[in-house]
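Participant: I have a structure I would like to understand better, so I am pasting it below and will then ask my questions one at a time.
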Amino acid sequence: MKYVHIIAFAAVAILGSSAIAAKPDDANWLQWRGPHREGKSTSTGLLKDWDAQPPKLLGMVEGLGGGYASVSIVDGMLYTTGNFDEGQGVVAVDLATNQVAWKTPVTEEIPKHGYGGSRSTPTIDGDDLYVVLSDGTVACLDRKSGKVVWKRSFEKEYGAKRPNWGFAESPLVDGNLLICTPGSEQALMLALNKKTGKEVWATKDAKLGDKGKGEAGYSSIVIGNGAGVKQYVQMTGKGLVAVRAKDGKFLYNYNLVANDVAVIPTPIVDGDYVFASSGYQTGAALVKLSKTRDGVDAEEVYFLEPKTFQNHHGGMVKLGDYIYAGTKHNEGFPICIEMKTGEVQWGGDKRGEGKGSAAVLYADGNFIFRYQSGELALVEASPKQYILKGKFMPEYQERESWAHPVVVDGKLYLREQDKLMIYDLTQK
């Protein structure tokens, strides 16, 4: 086994738990990948066979702006980010009328980078909404009026380098803090007072490996408590990293899952274990965290070569003892592996129902694969074999269908650039 050098500080975090970590409400989807950032919907009573009963289109909304961001939903309102004539910003949709309620440009101009458009899914916390725009502007808005409460700049204030395809993070609310990832030497990660935007701590002097880029990745932070230390776990251009939640002190970097192009998938945290992957012929790995006199060690349990497993983008979902995802670079070949061993249970060698990477979401006993080419497939959540339970092509498909699907209260929400499609998934 390989060992990762760790610089760590042992402490139990005293921060309050996040409001968005409360018991999930099926009528709400408050942040990136759902209640716990795991890619799981709590909706039940959903269609079990899309061939026998295809999802029905309930409505379509226009005015979301250009972008690939997913959506957040609370109290009958839907929020996302997009490019508008005046700049990149946030838009709110009243789901009772399917009309835009407000639209607020936050940047002074449209951010310039490859595959132009927004990336950040808004994080909702009470009456506040938080986003990271693709130029590195982090902002708080009043979610009811759309008024900007405060905003900061990763580039201007923390010397952050804009990634080739823009900043893509969906920030994390934890207690009184907003946690985000400038990815720079001045601030690998950053904690701000969520009400004022004032800096609480910034992670400096991070000891990172040689592989990859010294910048933010395209991932989003998750909370871990490995080895008894509360920590913020993230994928940056240098691979898997973690900092102590109490004060932002650097804990570890597992560098082998970095690459020289783009690190995208959100890592999976399970107790003392963290699973991480990236594409561009990189691979995947499981590390185990353990407490030491100085802090935390991360020991490699296994490394999977890219021919076995690599998640380009679209994300990974852990259900029970298994991880489900799409594999191969720029592809979404369905695959299921056992997390603790890395053993492939099924898949990985046959193309799914569409082309390109696939965004994956769990809902009511099945997985929804949304392919870059637009097709959606319903796949049984079984580690025994790949069981397709129907597929369909949405009403509208413009370009790369990269926005992650959301299922709330029996409805499927599909963002496609300026348009939003809403489908009924309930059994009749």
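Participant: Given the alpha-carbon gyration tensor of the range 25-151, what are the semi-axes of its equivalent ellipsoid in whole angstrom, ordered largest first, with each equal to the square root of 5 times an eigenvalue?
Facilitator: 26, 16, 15
Participant: Pick out, from Leu319, Leu289, Phe167, the residue whose Cα sits farthest towards the positive end of the charge dipole of the chain, with +1 on the Cβ of Lys and Arg and -1 on the Cβ of Asp and Glu.
Facilitator: Sorting the options by dipole projection puts first Leu289.
Participant: If you don't mind, another one. Can you find, among Cys336, Leu141, Ala381, the residue sitting farthest towards the positive end of the charge dipole of the chain, where Lys and Arg contribute +1 and Asp and Glu -1 at Cβ?
Facilitator: Cys336
Participant: Here's a follow-up. Determine the dipole magnitude for the chain: charges of +1 sit on the beta-carbon of Lys and Arg, -1 on that of Asp and Glu, nothing else is charged, the reference point is the Cα centre, and the result goes in debye to the nearest 20. Provide the component values of the computation, followed by the final result.
Facilitator: Details: 49 positive and 51 negative charges, 122 e Å.
In total the dipole reaches around 580 debye.
Participant: Moving on to the next point. Would you pull out the residues with amide H under 5 Å of Asn330's amide H, same chain only if 5 or more places away, H placed 1.01 Å from N?
Facilitator: Answer set, sorted by chain and number: Tyr280, His312, His313.
Participant: Can you give the % of DSSP beta bridges in the range 52-152 that are antiparallel, to the nearest 5?
Facilitator: Around 95 percent of the beta bridges assigned by DSSP in the range 52-152 are antiparallel ones.
Participant: Say we join alpha carbon atoms closer than 10 Å with springs in a Gaussian network model of the chain; which of Lys318, Lys156, Lys291 then has the biggest fluctuation?
Facilitator: Lys156
Participant: What whole-number value in Å² describes the accessible area per residue of the chain for a 1.4 Å probe?
Facilitator: On the way: 16040 Å² over 428 residues.
Counting only protein heavy atoms, the per-residue value for the chain is 37 Å².
Participant: If you roll a 1.4 Å probe over the chain with all protein chains in place, what percent of the accessible area is carbon or sulfur?
Facilitator: Answer for the chain is 47 percent, counting heavy atoms of protein chains only.
Participant: Going Cα to Cα from Lys144, which aspartates and glutamates come in below 16 Å? Please leave out same-chain ones fewer than 8 positions away.
Facilitator: Those aspartates and glutamates meeting the cut-off are Asp75, Asp94, Asp125, Asp127, Asp128.
Participant: Short version: ³J(HN,Hα) in whole Hz for each residue of the range 173-190, in order, from phi by Karplus 6.51 cos²θ - 1.76 cosθ + 1.60 (θ = phi - 60°), x for Gly and Pro, what are they?
Facilitator: With coefficients 6.51, -1.76 and 1.60, one gets 9, 9, x, 8, 10, 10, 10, 8, 10, x, x, 9, 5, 6, 7, 4, 10, 9 Hz.
Participant: Among the listed pairs Lys207/Lys249; Lys151/Lys230; Lys211/Lys318; Lys151/Lys213; Lys103/Lys147, which are separated by more than 20 Å between their Cα atoms?
Facilitator: Beyond 20 Å: Lys151/Lys230; Lys211/Lys318; Lys151/Lys213.
Participant: A further question follows. What percent of all Cα-Cα pairs in the chain falls into each 20 Å bin, going from 0 up to the bin containing the maximum distance?
Facilitator: Cα pair-distance distribution for the chain, in percent: 29, 61, 10.
Participant: Under 8 Å for C-alpha pairs, at least 6 residues apart: give me the relative contact order for the range 150-285, rounded to a whole percent.
Facilitator: Computed value for the range 150-285: 18 percent relative contact order.
Participant: Strictly greater than 18 Å: what percent of every Cα pair in the range 64-123 meets that?
Facilitator: I get 29 percent for the Cα pairs in the range 64-123 exceeding 18 Å.
Participant: Please report, to two decimal places, log10 I(q)/I(0) for the range 267-408 at q = 0.11, 0.14, 0.15, 0.16 Å⁻¹ as given by the Debye formula with identical point scatterers on the Cα atoms and no solvent.
Facilitator: -0.40, -0.62, -0.70, -0.79
Participant: For the range 330-428, just run the numbers: alpha carbon Rg, then divide by 2.2 N^0.38 Å, N being how many residues it has.
Facilitator: My calculation over the Cα atoms of the range 330-428 gives 1.09.
Participant: Another question, if that's okay. Provide, for q = 0.15 Å⁻¹, the log10 of I(q)/I(0) from a solvent-free Debye sum over equal Cα point scatterers in the range 233-347.
Facilitator: Results for the range 233-347 at q = 0.15 Å⁻¹ read -0.60.
Participant: Further, regarding this structure: Whole-Hz Karplus ³J(HN,Hα) for the range 385-393, in order, using 6.51 cos²θ - 1.76 cosθ + 1.60 and θ = phi - 60°, x for Gly and Pro?
Facilitator: 3J(HN,Hα) across the range 385-393, in whole Hz: 6, 7, 10, 7, 10, x, 8, 7, 9.
Participant: List the relative contact order of the range 118-177 as a percent without decimals, with contacts defined as Cα pairs under 8 Å and 6+ residues apart. Provide the component values of the computation, followed by the final result.
Facilitator: Numbers: 105 pairs, mean separation 21.4, N = 60.
Taking the mean separation of contacting Cα pairs over the length of the range 118-177, I get 36 percent.
Participant: Through the Karplus equation 6.51 cos²θ - 1.76 cosθ + 1.60, θ set to phi - 60°, convert the phi angles of the range 200-213 into ³J(HN,Hα) values in whole Hz; use x for Gly and Pro.
Facilitator: 9, 7, 9, 7, 10, 6, 6, 8, 10, x, 7, 6, x, 10
The values are calculated or read from the model by the stated rules, or taken from the named source; none is laboratory data. Remember, predicted model here, so these are calculated numbers, not experimental data. With ideal geometry, Cβ positions are generated from the backbone for all residues, glycine too; neighbour counts draw on all protein chains shown. What goes into the accessible areas is simple: the full protein's heavy atoms, side chains included, and nothing from ligands, DNA or RNA. Shrake-Rupley method; radii C 1.70, N 1.55, O 1.52, S 1.80 Å.
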